[in-house]
Amino acid sequence: MKIELPELSLVALIGTSGSGKSTFAKTHFKPTEVLSSDYCRGLVSDDENDQSATKDAFDVLHYIAAKRLAAGRLTVIDATNVQVEARKPIVKLAREHDVLPAAIVLNLPAELCQERNLDRADRQFGAHVVRQQSQQLRKALRSLKREGFRYIAVLNSPEEVAAATIVRKRLWNNKRHETGPFDIIGDVHGCFDETLALLSKLGYEVHDDEAAPMAKHPEGRRAFFVGDLVDRGPKSPAVLRLVMGMVREGAALCVPGNHDIKLKRKLDGRDVHLTHGLAETMEQLERESPDFVEEVKSFIDSLVSHYVLDHGKLVVAHAGMKESLHGRASARVRRFALYGETTGETDEYGLPIRYNWAVDYRGMARVVYGHTPVPCAEWLNKTICVDTGCVFGGALTALRYPENELVSVAAAKMYYPPVRPLEGAAAKAAERPYNDVLDIDDVLGKRIISTRIRGPITVREENAVAALEVMSRFAIDPRWLMYLPPTMSPSGTRKEGPTLEHPEESFHYFRANGVAKVVCQEKHMGSRAVAVVCRDEEVAVKRFGIPGQGIGTLYTRTGRPFFDDRSLESALLDRLRTALTNADFWERFKSDWFCLDAELMPWSAKAQALLKSQYAPVGAASRASMAAALSALQLAASRVGEVEGLVDRYAARRDCVEKYTDAYRRYCWPVSGIDDLKFAPFHLLASEGRVHADQDHVWHMKTLAELCDQGGRLLHKTAFRVVDLTSIESQAEATAWWEALTESGGEGMVVKPVEWLMRGKKGLVQPALKCRGKEYLRIIYGPEYTLEEHIVRLRGRSLGPKRSLALREFALGLEALQRFVEREPLYRVHECVFGVLALESEPVDPRL
Amino acid sequence: MWRVQLGGGARRSESRSDFMLLTITSTHRPATELGYLLAKHPDKCQTFSLAYGEAHVFYPVVTEERCTAALLLDFDPVGLVRGRRWGQHSEGTLAHYVNDRPYTASSFLSVAIAQVFGSAMKGVSKARQALADTPLALDVCLSAVPARGGERLLRGLFEPLGYRVDVQRIVLDEAFPEWGEGNCFELRLRADVRLADLLTHLYVLIPVLDDQKHYWVGDDEVDKLLDKGAEWLSVHPMREQITLRYLRHRRGLFRDALRRLMAGDDPVSEEREAEKEQEEEALERPMSLNDQRLGAVLAVLRDAGATRVLDLGCGEGKLVRVLLKEQSIAKVVGVDVSMGSLERARERLKLDRMPEIRRNKVELFQGSLTYRDNRFSDCDAACAIEVIEHIDASRLGAFERVLFEFATPPTVILTTPNVEYNGRFQSLPAGRFRHRDHRFEWTRREFQTWCTRIAERHGYAVRFLPIGVEDAEVGAPTQMAVFQR
């Protein structure tokens, strides 16, 4: 006997003790699919036959079953299940998880079962037990269907049991193998002409004949109707004829809408009110033949309430579908697909208030649906409603999948007055866009974020806690925050000489990782600044959803506003905008906004507090102390001669301290306004539709140089050179360049592979290494780090954690940008940016 | 010798104190006797090995009239840092590595004094016991002493002990006069005092100047320090401040993480945060505004018959404590974005010692007012007491939605300062907010306009109540809005 089971079902094995359920389960199911009550009894009591543990055992069993079902796994319950009380919770569990309950009954003679039990030492209970179970089982056979089991198989003899095979059936809604392409069309409501117009516009070859309409795409694209073909509009029968024909020919797919189902109920003779446009449809159908009406009935009956397609990446249902119901089968799933969920309240027009499941949607599959007319189709958390109210005088819209392009044709007229004004809904939606909503569950707790360049990246809970506080209290509006820059590792540590860092170590690292060409960029000593600049405020509203906050933002590496002074920020953004305009970037990149990664100088502009609270006091205190110590030592020396070499030593130290003060002073100058600032961009991170990580760093340098040419005093070009790592001369030249830079007080340089993404033998190569000059490092390692006794030990620094961190943050930063340009929902961008911030709180030697 | 890593420190601050040069000058004739008292020969330069470096003792001046002993500390910061794991306790921020600690006086000085001048500090001298028991004219110089409390703190600490205090503030950087003067001082103390007392005073008070923690000395060191100062400390007018410095709380993992994040931005330390709170409290204290606020909130909650109350931005749990005592309230949920505040709330409420029934009434968790949160939904009243003014104006829209669109509690109570009243605070400079973290302070009109718009949008009725005594012209110091739907 062939037993068919839905691929996702909760299977109850039913049979008396000794009927061979466990053997059967072992034969036909994976061990992990089978939950045995005996085994659970053992789990809670160490004795599989301890009947007093039965209740706890079933608690455990149901708990595990629930977890499996929530994860979408077929589950088999191996217990006698002969009593109705035992089966009730199984049906309930199946319903709770929207899977189909199935029963396989091993209906074997009581004597046989008893005989088998006698062979087992642990089952020495009286014959009456099996006899009683046998009676209960016979009763069960009559009531299984009534109890809610949707699939029932009964095996009546040992032979039948032995011969049984199990076939797992795809669920009706499972079309994961269908990858499209599709043109998913919103609620038609009898708008036949618009449907044909839309299909033509989509490239279908249309046979425009109400009596025998047909449309086929020459390249085999398929139309996909989201339901509500009928009611309200002028030509429901023609629409039905078209869609039925297309489905029959394999040119279309269709899910039912609530109106279609209601029509079928009416045609079945049920008592249905002729409201909401059904009267019009019935009247139109009166002109059709009874055969056609029969055909309509069976067509609607054949429709599956929702589909999961394209390997789970696409879900189509009339009223949408929340994630927990995708690919499930139950009355609830069907109800949701047809009507959605309502909150039980009604609005000012007397219409039910719908639970906006899409706001909470966090699934990976795109969900395309109709049902509720919207003024314009817009993505919200990977869901989109394509019902643009054609019958109400709006438009008929299709979503081209996988291209995700929208194609519309306007309605020829308003066929039916809308109950709730469409425009009003638009105004309401614009006022409170749901795309902006961030949920605490999007960021808190341990999180694993998947990135395209480096796979999953883990954010630990305590780091998320820290990031939440900083993000909430100090960060800019998250809608601007599309990127946070990664930390950068220094070059390897120089093993000898008076410096810790040197270009050779950087070159060596990259060459050893298979990189042939690098770009060396002058490293400016200022503060990291990321700028988002829009063409005008309207773009800020339209693209970023941020009204009244100017044309952009300038923020620090931890997402804080760069300036406390808003007017300084807007002056700077304004100059950037002018430069972008003069350099013709808006047209050239077909973008209304840009995101730039830059260094803003002087250091003292942003780090004033730090300088005053930390760097300057070190200089002041050290110089004061050194002077006092040195004069005391000199006095002592003049009295008693040599003071154990201390005079020389302290003279050397005083020298260090002077150099330290000189080092930080170079990066400070007074700022009284924007004219004292320098903005040096080095990455053109993103513009509309593109993250420019596909362009190499030479392109970035050259492109940004063009921008700087138009940038007046504010924009500052970054010096750079390309170095061939297979040429000694080329490297020597670069080293000489670095020496010149650092000797004249520069911080040093950044060395990057020419390409943004390079993979070496151990995966992703560092995107950049910094190579800092000897004097600059006094600010980092302290005034006296160059003294031999210190530097020898500092060489033991470990770069591993910093480099790992740099790569993870780099991957998250790029991921955030990618998601932003792909117009993913805010929470998807935010989780990456939040991740960078959280990772920044990981413990790493801050001097690196 | 440059950076000194201190076990628990890590709190960045302007004042750091590690000593570099201490000189003690005696003019008690014959001044050379100082060598006997210190038990260090004036013609030698001696070096002592300390746990974290070296100390050198030598005499720059030795005459009958005047004898100066110098204690020069030489730390080995690299040795300290090496072998430690990043992130444990404190090594979080860069600030920790470039600091003035090695060049200024600090707790290390205490260690050095105790070790190098141990017998002198005990008042014991084999050769000159009588002299050791006699007050001498002593003159002490510390080359660089940081003191965040400034000159006042220095004087406050030493003058009650009979010292003449001379303080010279060290300019931050003469190249940038606009940066002003720092909090680092050259300190000179003069008094007729027993050498042992002088050393003990330095031993106890120098670390007090230091803003840092002292894990490095170990917890028992606290007792030792207090023990050293026992006699005079009990009558010192600043005894509380002195002892409090040693009684700071341990910090959790997340605080280190947070500190690392904050590095490079405005220095925010817990102490600073607490200080800000205190400033605001001090301002409002005379009218016990906080009590009146909490009372008014309670009155509204009683009136609304609320049983499950959400306290958004609960801080250290002042309102939570009040609500816990209220029988009609079955559940109090305190939310704050700062885990540090929540931890202090737990401590102050003594949650772990609370009877279980009461304990079950409280729930405290980290949450943010700009992130939608399901946990906010299950309450019949939400309070945000003196909270909105800490949210950036540009983020108020998100706060509004989180509370009024998604959480939708039947009753919402908001309070915020009435900026019109600020002029009535004598000590508040014009134009300054009451708290340095306030992003804005609103007039009554501004607050009411904002609230009314929210109420309209989300189907609430709103009414406004004054908190504190109303001034005919400028209104009450605090304004309250009560939303109900």
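Derivation of every value follows stated rules applied to the coordinates shown; laboratory data play no part. Fair warning: this is a prediction, and the values are worked out from it, not measured in the lab. Virtual Cβ from ideal backbone geometry, glycine too; neighbours counted across all protein chains shown.
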Self-check item: Likely footprinting exposure, A:138, B:359, fewest C-beta neighbours within 10 Å first
Solution: A:138, B:359
Quiz item: For segment A:44-138, what is the largest minus smallest coordinate of the Cα atoms on each principal axis, given in angstrom and ordered from greatest to least?
Solution: 39, 31, 20
Quiz item: What net charge is computed for the residues neighbouring residue A:113, neighbours being all others with C-beta under 14 Å from the C-beta of residue A:113, Lys and Arg scored +1, Asp and Glu -1?
Solution: +3
Exercise. Would you mind giving the mean number of other chain beta-carbons within 10 Å of the Cβ of each residue in B:371-382, as a whole number?
Key: 3
Quiz item: Rounded to the nearest 0.05, what FRET efficiency do residue A:414 and residue A:22 have when you use their Cβ-Cβ distance and R0 = 51 Å?
Solution: 0.15
Quiz item: Rounded to the nearest 500, what is chain A's calculated 222 nm mean residue ellipticity when only DSSP H runs of at least 4 contribute -39500 (n - 2.57) each, over all residues?
Solution: -12500 deg cm²/dmol
Quiz item: Cβ under 10 Å from residue B:419's Cβ, residue B:419 left aside: what net charge do those residues give with Lys, Arg +1 and Asp, Glu -1?
Solution: -2
Self-check item: Tail weight of P(r) past 52 Å, computed on alpha-carbon pairs of the protein assembly as shown, percent
Solution: 44 percent
Quiz item: Can you flag which of A:313/A:802; A:175/A:266; A:678/A:770 are past 27 Å Cα-Cα?
Solution: A:313/A:802; A:175/A:266
Exercise. Filter the trypsin sites (Lys or Arg not before Pro) in segment B:399-443 to those in DSSP coil with at most 16 other Cβ atoms within 10 Å of their Cβ, and list the result.
Key: B:432, B:436, B:439
Quiz item: If r is the Cβ-Cβ distance from residue A:52 to residue A:157 and R0 is 35 Å, what FRET efficiency results, to the nearest 0.05?
Solution: 0.50
Quiz prompt | Inter-centroid distance (Cα atoms) of segment A:72-98 relative to segment A:530-603, Å | solution = 59 Å
Exercise. Please sort through the DSSP H helices of chain A and keep those with an alpha-carbon extent of at least 15 Å along the long axis and a Kyte-Doolittle average not below -0.5.
Key: A:54-70, A:84-96, A:236-248, A:290-302, A:461-474, A:566-582, A:616-640, A:697-709, A:728-743, A:800-821, A:826-840
Quiz item: Does a label point 7 Å from the Cα of residue A:123, set along Cα-to-beta-carbon, have any residues of segment A:55-93 with amide nitrogen under 18 Å, and which are they?
Solution: A:77-83
Quiz item: Can you give the Rg to Rh ratio for segment A:723-847, taking only C-alpha atoms and Rh from Kirkwood?
Solution: 1.04
Quiz item: What stretch of chain A, leaving out the sites themselves, is the longest with no GluC sites (Glu not before Pro) in a DSSP loop having at most 10 other Cβ atoms within 10 Å?
Solution: A:497-848
Exercise. Give the long-range amide H neighbours of residue B:182: residues separated by 5 or more places, or on another chain, with amide H under 5 Å away, using H modelled in the peptide plane at 1.01 Å from N.
Key: B:170, B:172
Quiz item: Using only Cα atoms, what Kirkwood radius does segment A:2-169 have, in angstroms?
Solution: 16.0 Å
Quiz item: If each of residue B:426 and residue B:457 carries a label point 7 Å out from its Cα toward its Cβ, how far apart are those two points in nm?
Solution: 4.2 nm
Self-check item: Label point distance in nm, residue A:713-residue A:165, each placed 7 Å from Cα along Cα→Cβ
Solution: 8.7 nm
Exercise. Assuming R0 = 25 Å, can you tell me the calculated FRET efficiency for the pair residue A:295 and residue A:274, based on Cβ-Cβ distance, to the nearest 0.05?
Key: 0.70
Self-check item: Loop sites in segment A:319-412: chymotrypsin sites (Phe, Trp or Tyr not before Pro), DSSP, at most 11 other Cβ within 10 Å
Solution: A:349
Quiz prompt | Which of A:785, A:401 has the fewest Cβ neighbours within 10 Å, and the rest in rising order | solution = A:401, A:785
Quiz item: Is there a simple number for the mean count of other chain Cβ atoms within 10 Å of the Cβ of residues in B:179-189, and what is it?
Solution: 3
Quiz item: residue A:797 versus residue A:378, label points 7 Å from Cα toward the beta carbon: distance in nm?
Solution: 4.9 nm
Exercise. May I have the count of lysine pairs in segment A:1-148 with C-alpha atoms under 16 Å apart, counting pairs 8 or more residues apart or located on different chains?
Key: 6
Quiz item: Taking +1 at the Cβ of each Lys and Arg and -1 at the Cβ of each Asp and Glu, which of A:154, A:567, A:449 sits farthest along the dipole of chain A towards its positive end, judged by Cα position relative to the Cα centre?
Solution: A:154
Exercise. Find the eigenvalues of the gyration tensor of the Cα atoms of segment B:278-484, then list the square roots of 5 times those eigenvalues as equivalent ellipsoid semi-axes, largest first, in whole angstrom.
Key: 26, 20, 16
Self-check item: Other protein chain Cβ atoms within 10 Å, averaged over every residue that makes up B:168-178
Solution: 5
Exercise. Grab the other residues whose beta carbon is less than 11 angstrom from that of residue B:388, score K and R as +1, D and E as -1, and report the net.
Key: -3
Exercise. For each of A:128, B:41, count neighbouring Cβ atoms within 10 Å of the residue's Cβ, then give the residues from fewest to most.
Key: A:128, B:41
